[in-house]
Every structure is written in structure tokens, then in C-alpha cells.
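Q: Shown below is the structure under consideration.
Laboratory data are not the source of any read-out in this text; all were calculated from the coordinates shown. No experiment lies behind these values; they were computed from the predicted model shown. Counting neighbours? That spans all protein chains shown, and the Cβs are built from the backbone with ideal geometry, glycine included.
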Amino acid sequence: MQIATPLLPKSLFDPEAFSAELAGGHAISACKAAIADVTEALHAQFREGQDINQLIALRAAFIDGLLGSLWDQNDWQGQAVSLVAVGGYGRGELHPHSDIDILLLMGADCQGCEEALSGFLTLLWDIGLDVGHSVRTVDECEAAAREDITILTNLMEARVIRGPNQLMDAVSRRIAPDAMWPSADFFSAKLAEQEARHEKYADTEYSLEPNVKSSPGGLRDLQIIGWIAERHFGVDSLDTLEDERFLDAEEREILYRGREFMWRVRYALHMITGREEDRLLFDHQRELANLWGFVDGERLAVEQFMHTYYRWALSLGRLNEVIIQYFSQSILRQQGRETESQINDRFLIRNNYLEVSDDQVFEREPSALLETFLLLGTHENIIGVGAHTIRLIRNHRHLVDDAFRDDPRNHQLFLEILRAPFRMTRQLRRMTRYGILDLYLPEFGAIVGQMQFDLFHTYTVDAHTLQVVQNMRNFLKPAYDERFPVTSRVARRLPKMELLYIAGLYHDIGKGRGGDHSELGAVDARLFCARHGLNEEDTDLIAWLVENHLVMSNVAQRKDISDPDVILQFANHVGDQDHLDYLFTLTVADINGTNPTLWNAWRGSLLRQLYTETRRALRRGLENPVEREEVIAQTREAAERLLEYRGFTSDELDELWAERGDDYFLRERAEDIAWHTEAIADHFDTEKSLVLVRNTTDSSVANTTQIFVHAKDKAQRFSRACASLEQMDLSIHDARIYSANDGMTLDTFFVLDSDGQSIAEDSVRLRFIQDQLTEDLNADKLDAPPPQRRTPRKVRSFTMPVETRMHLDEHKNVTVLEVAAPDRPGLLARISQIFVDFGVELQAAKIQTLGERVEDVFFITDSDNQPLANESLCEDIQSAIRNELTEEQAA
């Protein structure tokens with residue numbers, strides 16, 4: 001395939017002057033200077049807004065001139081050898097630091113040119129070009145292309161720079177579709193290649209740091225359809241394809257504009273990094289937002305830029321989908337495998353794809369736009385929408401107007417889509433991809449492609465929303481029973497699943513508008529319910545779920561749910577079993593749809609515990625709350641029964657437990673108290689710390705590792721323990737501290753690996769933790785060592801203010817300190833050291849890591865176990881924490 005590159009203006013690069021420099025013996029310095037000068041000139045034009053098509057074509061033309069001049073320095077003496085550009089360079093597209101792929105194509109009678117070719121390649125490397133090369137004969141090209149479709153694809157885009165054209169013409173004939181890789185086989189192989197690549201990038205355009213070249217909706221998706229068109233139609237490129245069935249006028253416009261946007265992004269990435277960088281890393285996103293002229297306002301500049309990027313990625317993903325679909329159906333028709341059955345007057349099934357009966361269906365009955373997705377959800381054998389019908393949907397989207405949204409027939413159709421038995425979430429995703437859902441629900445349209453610049457929210461708001469609904473559907477599938485045993489049982493008991501789906505659609509719909517998104521979403525949800533004719537009871541439930549969708553996770557992760565009063569307060573807020581079941585299911589779906597790494601054994605156990613205890617409270621009746629004293633007495637009695645079997649008498653236990661406070665028996669399980677007590681009784685050297693480690697057997701905290709420490713109450717012991725656990729690559733999720741009147745302290749930690757995974761039931765690992773922590777706590781000096789782990793790159797990309805808040809918990813008689821800060825190694829040890837400096841006693845801690853930030857809650861008292869009453873002291877403590885963590889962030 002011959003593609004012309006533009007003529008280079010002499011002001012940019014003068015081949016004659018350059019050749020003269022080469023002849024003067026200054027090849028390396030002349031080449032490096034030319035590369036630097038042209039690169040800077042093109043960068044300047046890019047910053048001035050020059051047409052990106054021209055810029056990347058000019059760079060390819062410059063490299064043509066550079067390589068051609070270097071090639072001409074050799075005396076090839078009529079040898080049959082050609083310098084051929086292949087791949088992206090062969091297409092005449094070259095970004096600042098893209099690989100320069102070349103083929104050194106030799107004729108069968110080429111003799112004695114190996115040394116010259118080797119010298120040519122060495123020179124290219126010496127001048128700093130990233131060259132990918134192959135040296136082959138025509139026969140070798142044919143054999144390689146037959147075996148490897150990637151090589152075939154590169155050769156399809158070959159362009160001769162120097163040497164005889166006849167060699168490449170021969171290759172082109174041998175790799176033609178009638179000789180190898182016919183159109184259908186080529187299509188199948190490229191489709192498999194695309195599916196594998198999409199899977200590698202989580203099959204979404206909406207990843208936090210997308211790859212502009214390889215992620216779904218990126219440049220490779222456009223190249224795939226270009227290669228398919230070239231192979232099938234025999235054209236040089238998509239730009240020269242005139243077949244409207246394959247690419248219509250609107251799609252061509254999307255192709256050109258979307259490609260230009262992606263090219264500009266890729267060019268900018270190469271320019272600002274000085275290397276071939278195709279990943280939109282967080283730091284680069286900020287720089288590109290500035291280059292594009294976005295400024296911080298109600299939304300951050302970077303969020304505005306990424307919103308633009310995601311919109312284009314979605315558009316290009318749609319384009320790729322419809323063309324792939326068209327080609328797939330064309331192949332089926334050519335192979336004579338066409339089947340057809342009528343559904344109704346409007347739709348039929350052709351080769352398992354849904355098609356309209358005629359092109360005027362949507363004009364006659366606009367409601368058929370929604371009926372399309374209902375049919376997909378009620379006919380299990382339909383695998384998708386035909387390409388022609390997808391285009392008709394796109395071309396008739398304008399029919400989804402106010403009258404359409406007010407039509408009761410459409411209200412009923414949409415509710416039936418939510419009740420559909422098959423692939424309901426997939427239909428919602430299709431409605432989004434085809435531009436229907438965001439028009440039918442304009443409030444949903446406002447969040448399409450809306451990102452949040454943090455590590456906590458892995459997806460854009462719309463992608464997260466649909467993932468939450470997908471999670472709700474998954475809870476009904478047996479395959480998910482093992483991972484979500486409680487949630488699955490609860491979900492199957494819900495009387496109306498569609499109410500949960502509606503709450504899922506609206507729970508984050510208020511984001512990006514300012515104000516409390518939960519309250520804004522509840523208002524929108526009520527309007528939806530009123531428009532769709534839901535009764536008052538269902539409407540109230542949906543609005544309540546949207547407004548309270550964060551409450552259960554906050555209570556579970558920020559409050560002491562072993563306290564009966566906390567359970568009673570939450571039970572009163574929930575009110576009844578139905579509200580609890582719906583809220584629990586929504587909460588689990590929401591957490592799992594926010595970030596794949598956010599859900600772990602600890603969070604799951606907290607929610608299960610809160611759900612179970614609240615259900616008991618509701619069953620008992622809110623007017624009959626369980627008393628703290630009753631729980632304490634029951635726990636003591638249960639622990640005593642266990643220890644009786646181990647030879648303990650009541651008097652011995654009373655003596656051992658005499659210095660324990662009520663909180664110990666309120667918050668610890670009887671099994672754990674028995675475990676602690678027996679070990680303490682057998683530990684005679686009270687000057688040495690006692691450390692116990694085991695994987696917990698309690699189903700409410702399943703798959704966590706429990707660490708118990710009994711030691712002299714020294715000021716820096718907790719800080720040292722935190723630092724030691726972190727050095728062992730453990731993350732603390734809960735810490736409980738019980739100080740006794742005998743000068744001893746009991747600390748309980750629940751930990752996971754730093755990646756949020758459970759520690760395997762491995763006696764070697766557990767024994768190492770026990771031995772190492774014991775050694776560290778019994779050391780002469782208890783100063784916390786500096787952190788050994790490096791702050792991950794992604795986390796370093798974010799700066800955020802350190803926020804603190806203090807308030808009095810009158811019921812528990814403690815001061816509650818909340819800290820929100822960037823997650824950094826050693827953070828918990830630093831905070832606990834500040835407590836030591838101010839003479840503060842830490843009673844408990846709830847640790848929560850959310851992406852790049854932590855939201856930790858500390859329950860503290862003074863040395864007399866009383867809340868902090870001195871306002872000046874409270875402010876000094878908070879100021880010290882803010883200063884310490886802010887300085888560490890800036891370091």
C-alpha cells in the first residue's frame with residue numbers, strides 16, 4: 001500500500017543541506033541536531049493549535065527524509081534491497097516518540113549488503129531513534145505473514161522509502177486476501193485480538209488511567225476497523241472507503257473528529273514526558289487539562305478534561321462496535337447461514353440479532369426505541385442488535401424528547417426493562433452506548449463520562465452506577481453465593497427487585513452538582529417515581545434508600561457496632577426489616593461497584609455484623625432494647641464456661657478479670673476472652689510483652705488475622721506496634737486498647753495484608769508475625785522506626801488537605817477524633833506518637849483506607865480516662881496532626 005507523505009517545507013528540514021552535512025563526516029551530530037530542531041518546531045506548532053493530522057504526517061515525512069538521506073550515503077551498487085516503512089510509520093502516522101518500524105527488504109539475488117545494512121541500523125540507534133526493524137526476503141515475508149497476523153498487518157501498511165518498488169509489490173501480491181488470510185479469517189483473528197486486548201484493560205473505556213492507544217475506545221479500536229476495511233474492500237485506508245454500508249457520513253465524522261482528539265492526546269503525552277507514553281497517568285491528566293485550557297471551577301479542570309476524553313472514548317467504542325457488528329453479519333450472509341423469524345410488526349430476529357422490520361419503524365412508533373431493549377431482555381436467544389438497527393437507533397435518538405419522556409407507554413416499557421429476566425444490566429449499558437438512556441433520563445445523562453479525580457472511585461459515575469445495578473443482579477445468581485452468602489439470601493427475599501434497581505440508578509445521580517448528592521438524588525428519584533406511576537410506599541422506600549445509601553457503611557466502619565446502643569440507634573433509623581434488607585443489599589452492591597479492591601473480608605464482616613445485630617434488635621422490638629449490662633454479663637458467663645473446661649475456677653477468673661473494664665467484655669467475644677485469659681495466666685514474665693496471633697474463626701470477622709498484645713502500659717508501645725505491623729506489610733483495620741488499673745494494657749488488632757487480602761492459614765507466616773512483633777515490643781527502645789514501604793506512584797499523584805474533627809461521645813465518655821488524610825506509609829504510627837507527645841490515651845481506633853486517602857476514627861481520653869475537656873489542647877493535637885501529615889505529604 002503506497003501512502004504519500006506531505007512535502008516538508010525547507011524551513012523545517014532541508015534534505016540538501018542535511019546531506020551536505022552528512023558528507024562532511026558529521027552524521028551523528030547532524031542527525032541529533034535535526035531531530036531536536038524538528039521536534040521542537042513541531043511541538044511549538046502543536047501548542048499553537050496546528051492541525052494534528054498535519055503534525056504527525058510532517059514527522060513521518062521528516063523521518064522519511066532523515067532515513068532516506070542516511071540510506072543514500074551507502075553505495076548499494078544496484079543491489080536489490082529496499083528501505084520500507086511498515087506499521088504506523090508505514091501509514092504515514094508518527095508521534096514524537098513512537099517506534100519507527102522499518103523493513104529492510106532484500107531480493108533473492110542480493111549479495112554482500114549485510115555489512116551496509118548493519119552499519120545503517122547501528123547509525124539509527126546511535127542517533128537515538130527508537131527503531132523496530134526486520135530484515136527479510138520476499139519469501140521470508142510471505143512465510144512470516146502466513147504464520148503471524150501481526151506481521152501481515154504491518155506489511156499491509158508498507159510504504160517504500162528507498163530502493164526498488166518491485167520487491168514490495170511482490171510481497172503485496174503474495175499476502176493478498178486471495179493468497180492468505182481471506183477477509184473472514186482475518187476478521188475473526190482481529191476480533192479475537194481485540195477481545196483479548198479489551199479484557200486486559202477491564203473491557204471498559206472508563207479506567208482511571210486509560211491507555212489512549214490500547215484501552216477500549218482508544219486508537220487501536222480505530223485501527224482494527226481500518227484493517228478490516230482494508231482487507232475486505234482492498235482500500236488503502238478508511239479515509240478512502242466510500243461504502244456507506246460500512247461507514248456512513250455521521251460515523252465518518254465521528255471517526256475523523258475522535259481520531260484527531262485521540263491523536264492530540266497521544267501527541268501531548270509524548271511531548272510532556274519526552275518518551276513513548278500512551279498511558280493517561282494522573283499527573284499527565286493534570287498537565288493535559290492545562291494544555292486544553294480547562295480551569296478549576298465547580299469541577300476540577302482535570303475532571304473536565306477526562307470527561308471530554310471519556311465521551312470521545314465512548315463514541316469511538318460505539319463506532320467500533322457497530323462496524324464490527326456490521327462486518328460479522330455480512331460474513332454470515334456471505335456464508336449462507338442466514339436465518340430469520342418475525343417477533344411482531346416492528347421487529348424480527350435475523351441470525352440471532354434483533355432487527356427492525358423496516359427503516360420507518362421508529363418514525364411511526366418512537367416507543368419502539370425502548371421496546372428494542374425490552375425484547376433483548378425477554379428473548380434469551382437474541383445476542384445483540386443488528387448493525388443497521390443500531391444506526392437507526394442512533395439516527396432517531398432525537399425522538400426521545402419531552403413528549404416521549406411523558407408518554408405512559410414509555411414509562412411502562414422502561415419499568416418492564418427493569419423487570420426483564422435476561423441480561424437486564426446489559427440492556428441498560430446498551431441504552432447508554434446507543435445514547436438512549438441519557439436522553440430518556442436526562443439526569444443520568446449529566447453523569448455520563450463524569451469522573452472523580454481520586455483513587456477511591458475507579459469508574460466514572462455512570463459506569464459505577466451500572467456496575468452497582470449489575471452487582472444487584474449478581475446477588476440473585478448461584479455463582480455468587482459463595483462470595484456473598486448473606487447478601488444473596490437477603491436479595492432473594494426482597495419483594496420488588498426493581499425498586500432496588502431504581503435506587504441503584506439514582507443513588508449517585510446527584511454528583512457533580514454541588515451540595516449533598518444523596519439529598520439531590522432523592523429528589524430526582526421521587527420525580528422519577530411520580531412520572532412512572534409508582535405508589536407512595538414504593539416511592540418513599542426508593543427515596544429513603546437514595547438519601548441513606550451511605551449510612552450503613554458509615555455506621556459499620558466508623559462506629560463501635562459491638563455497643564448495643566449503637567445498634568439500637570441504627571435500628572431506629574432503619575425502622576423495619578424491609579428497609580434493612582434493601583439498604584444492606586444496596587450498600588454491598590455500592591461498595592463492590594466503587595472499587596474492585598475496596599471490598600475485603602473486614603468490610604464484609606462489619607456489614608454482616610451490623611446487619612445481623614440490627615435484625616435481632618428489630619425482631620426483639622425497638623421498645624425492648626438489650627442493655628449493656630446484660631451483654632457484659634452474658635459474655636462473662638460464656639467465657640467462664642469455656643475456661644471451666646480448662647481447669648479455671650470462678651475465684652481465679654474473678655481475680656484475673658478484676659482489673660478489666662466493662663468495655664473489654666462488651667466488645668470482645670467469649671471465645672477470644674478465654675483465649676486471652678488462658679495465655680495471660682500462663683505468662684509469668686510480666687516484664688515481657690505477650691503476643692498472640694491467629695486467624696479468627698468467628699464468621700462475623702471471617703478471614704482476618706487477630707493479634708492480641710498484653711504488656712506493660714508504656715507510652716510508645718502502641719506506636720511501636722503499628723510501625724512493626726506495617727513493616728511486615730500488614731494493614732490494621734481495627735484496633736482496640738484496654739488499659740487496666742494494674743499497669744497492663746490489652747491491645748487487639750485485626751489485620752489483613754497491605755493489598756486487602758486475607759493472610760493464608762500458614763503457620764510459618766503467623767509464627768513470624770508473632771515472633772517479630774514480640775521482639776519489637778520487648779526491645780529496649782520503643783521508638784517507632786521510619787517506614788520502609790515507599791508511597792505508591794498513584795498515591796503520590798494526589799495532594800489533599802489533612803482534615804481533622806473532634807467531638808464528645810457522651811454515651812461512651814470519650815473524645816472522638818476523625819482524621820482524613822492522604823494514605824502514606826507510617827501514618828498510624830505517626831498519629832499515635834502525637835498522642836504520646838500530648839499525654840493522650842488511645843482507647844480504640846477504626847481504620848478505613850479509601851483509595852488514596854484514609855478516614856480514621858480514634859477514641860481518646862486523658863490519662864485519667866476522661867474525655868478531653870480543654871479546647872486549646874484539642875486544637876493543639878489536631879494542629880500537630882495536620883502539620884505532621886502535611887509536611888510528610890510535601891516531602
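Q: Once you put a point 7 Å from the Cα of Arg882 and another 7 Å from the Cα of Arg492, both along the Cβ direction, what distance in nm separates them?
A: 5.2
Q: Quick one: order Met156, Met271 by neighbouring beta-carbon count within 10 Å, fewest to most.
A: On the way: Met156 23, Met271 19.
Placing the least packed residue first, the sequence is Met271, Met156.
Q: Tally Lys/Arg at +1 and Asp/Glu at -1 over every other residue whose Cβ is under 15 Å from the Cβ of Val523; what's the total? Each step should come with its number before you reach the end.
A: Numbers: positive: Lys511, Arg513, Arg526, Arg531; negative: Glu443, Asp508, Asp516, Glu519, Asp524, Asp540, Glu547.
So the environment of Val523 carries a net charge of -3.
Q: Calculated from DSSP H runs of 4 or more alone, at -39500 (n - 2.57) each and per residue, what is the 222 nm mean residue ellipticity of the chain, nearest 500? Please list the in-between numbers first.
A: Working: 39 runs with 476 residues, N = 891.
My calculation for the chain gives -16500 deg cm²/dmol from helical runs alone.
Q: Go through Tyr664, Val840, Leu873 and say which Cα lies farthest out towards the positive end of the charge dipole of the chain; charges sit on Cβ, +1 for Lys and Arg, -1 for Asp and Glu.
A: Towards the positive end, the residue furthest out is Tyr664.
Q: Compute the acute angle (0 to 90°) between the alpha-carbon long axis of helix 628-644 and the principal axis of greatest extent of the alpha-carbon atoms of the chain; round to the nearest 10°.
A: 90
Q: Which of the lysines could a cross-linker span from Lys200 if the Cα-Cα distance has to be under 22 Å and same-chain partners fewer than 8 positions apart are dropped?
A: Filter leaves Lys190, Lys213, Lys794.
Q: State, to one decimal in nm, how far the label point of Tyr256 lies from the label point of Arg616, with both points 7 Å from Cα in the Cβ direction.
A: Reported label-point gap for Tyr256 and Arg616 is 7.0 nm.
Q: Under a crude label model (7 Å from the Cα following the beta-carbon direction), how far is Asn535 from His683 in nanometres?
A: Here the modelled spin labels are 6.0 nm apart.
Q: Expressed as a whole number of Å, what is the distance separating the alpha-carbon centroids of region 349-385 and region 608-639?
A: Cα centroid to Cα centroid, the span is 54 Å.
Q: Given axes a ≥ b ≥ c from the Cα gyration tensor, I'd like to know whether region 15-180 is rounded (a/c under 1.5), prolate (a/b larger than b/c) or oblate.
A: Working: a/c = 2.39, a/b = 1.31, b/c = 1.83.
Oblate.
Q: Give the angle, between 0 and 90 degrees and rounded to the nearest 10, that separates the Cα long axis of helix 536-547 from the longest principal axis of the Cα atoms of the chain.
A: With rounding to tens, the tilt is 80 degrees.
Q: Can you sort Tyr501, Tyr309, Tyr506 so the residue with the fewest Cβ neighbours within 10 Å comes first?
A: Details: Tyr501 23, Tyr309 26, Tyr506 30.
The order, fewest Cβ neighbours first, is Tyr501, Tyr309, Tyr506.
Q: Output the 0 to 90 degree angle, nearest 10, between the alpha-carbon long axis of helix 165-174 and the longest principal axis computed from the alpha carbons of the chain.
A: With rounding to tens, the tilt is 60 degrees.
Q: Going by a ≥ b ≥ c, the root eigenvalues of the Cα gyration tensor, does region 339-422 fall in the rounded group (a/c under 1.5), the prolate group (a/b larger than b/c) or the oblate group?
A: On the way: a/c = 2.06, a/b = 1.27, b/c = 1.63.
Oblate is the answer for region 339-422, as a/c is 1.5 or above yet b/c matches or exceeds a/b.
Q: In addition: Excluding Phe749 itself, what net charge comes from residues whose Cβ is under 11 Å from its Cβ, given Lys and Arg +1 and Asp and Glu -1?
A: On the way: positive: Arg736; negative: Asp734, Asp747.
Local net charge: -1.
Q: Here are some pairs, Lys559/Lys812; Lys511/Lys559; Lys477/Lys559; which of them have Cα atoms lying more than 21 Å apart in this structure?
A: Lys511/Lys559; Lys477/Lys559
Q: Given a cut-off of under 8 Å on Cα pairs at least six residues apart, what relative contact order in percent is computed for the chain? Intermediate values should be presented prior to the final figure.
A: Details: 1306 pairs, mean separation 56.2, N = 891.
That works out to 6 percent.
Q: Roughly how big is the chain's charge dipole about its Cα centre, with Cβ charges of +1 (Lys, Arg) and -1 (Asp, Glu), in debye to the nearest 20? Write out the running numbers ahead of the final one.
A: On the way: 93 positive and 148 negative charges, 413 e Å.
The calculated dipole for the chain is roughly 1980 debye.
Q: What does the charge count around Glu298 come to, taking other residues whose C-beta lies under 12 Å from its C-beta (Lys +1, Arg +1, Asp -1, Glu -1)?
A: Values: positive: Arg299, Lys511, Arg513; negative: Asp296, Glu303.
Its environment carries a net charge of +1.
Q: Please arrange Ile102, Ile847 by how many other C-beta atoms lie within 10 Å of their C-beta, fewest to most.
A: Going from sparsest to densest Cβ surroundings: Ile847, Ile102.
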